[in-house]
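Worksheet: the structure to be examined is printed underneath.
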Amino acid sequence: MRGKFIVFEGPDGSGKTTQLRLLAERLASEGTAAATEREPTGSALGTLVREVLSGRRVCAPQTLALLFSADRSEHIRDMERLLGEGKHVLCDRYVFSSIAYQGLDLPTEWVAEINRPNTERLMPDAVVYIDLDERDCMEHITRGRDAVEEIFETREKIKRVRENYEYAFSRLSPERLFRIDGARTPEEVARDIYACVRPLISEG
Ligand code: TYD
């Protein structure tokens, strides 16, 4: 039986990475193993992408968008294998992130188009979207700030990222989108996500 592919999305500071970890831990505690993945990946292409995000390397926005898409194409091969082996995959960001973030500098339609080979190969069974407004996201970002400042972390950008997410999700069938109110305690958010995802995983 094929595993389920579940993508976590949300702006920087929305808490999605924590929530992905909490869900993986809860599933594991029940004996349901799930692989945790992330984009950009740890491959050579993903490493290049992170260098651009950190500002250590500069490239044109369209180059960055193509690098994200290429990194994803390689990642899909790995994830397809896991899913084919019956493993569930929880992935921190997918094509929706490209539309939301690369759509800040480029037409969202073009970003969707260069990712079409990816979406034609693999679409998520569910997207968990942590919905949190830009003010709360910024508060989280500045509170837990680590050394490397990434380029998309300003309030105005987060606002536009959230708008682009709405465009990205307009192409997704509504029953696949779990929109989660992120303005609650991590425990409450985690409970809500679990309640949405558990039935999907049990369905086999
Ligand atoms: P992420 O690793 O989720 O951020 P962090 O670990 O700092 O919380 O994502 C790194 C950044 O990459 C984030 O700002 C969003 C951006 N990103 C894109 O711009 N396009 C994409 O396709 C993806 C997957 C991420």
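The values are calculated or read from the model by the stated rules, or taken from the named source; none is laboratory data. If you're wondering where the values come from, they're calculated on a predicted model, not measured in any experiment. We place every Cβ from the backbone using ideal geometry, glycine too, and count neighbours over all the protein chains shown. Protein only, heavy atoms only, side chains kept; ligands, DNA and RNA dropped before computing areas. Shrake-Rupley method; radii C 1.70, N 1.55, O 1.52, S 1.80 Å.
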Only one residue in 41, 47, 17 is touching a residue at least 12 places away in the same chain (Cβ under 8 Å) and farther than 14 Å from residue 76 by Cα. Which one? 17
Among the residues of region 56-80, the number that are away from the ligand (no atom under 12 Å from the Cβ) and not hydroxyl-bearing (Ser, Thr, Tyr) is 12
Only one residue in 121, 93 is under 20 Å from residue 35 (Cα atoms), open to solvent by 80 Å² or more (accessible area, probe 1.4 Å) and under 18 Å from the mean Cα position of the chain (by Cα), so which one is that? 121
Within region 160-192, which residues are open to solvent by 40 Å² or more (accessible area, probe 1.4 Å), touching a residue at least 60 places away in the same chain (Cβ under 8 Å) and under 14 Å from the mean Cα position of the chain (by Cα)? 162
Any pair with Cβ under 6 angstrom, 6 or more apart, that starts in region 97-122 at a residue that is at pLDDT 95 or above and ends at one that is away from the ligand (no atom under 14 Å from the Cβ): 108/167
Filter result (basic (Lys, Arg) and more than 8 Å from the ligand (Cβ to nearest atom)) within region 81-121: 81, 87, 116, 121
Filter region 27-43 for residues that are surrounded by fewer than 17 Cβ atoms within 10 Å (Cβ to Cβ) and not in a strand (DSSP E or B); the one that is nearest to the ligand (Cβ to nearest atom) is 42
Looking at residue 77 and the list (1) closer than 19 Å to residue 3 by Cα; (2) surrounded by 14 or more Cβ atoms within 10 Å (Cβ to Cβ); (3) out of contact with any helix residue (DSSP H, G or I) (no Cβ under 8 Å at 6 or more places or on another chain), which single condition is not satisfied? (2)
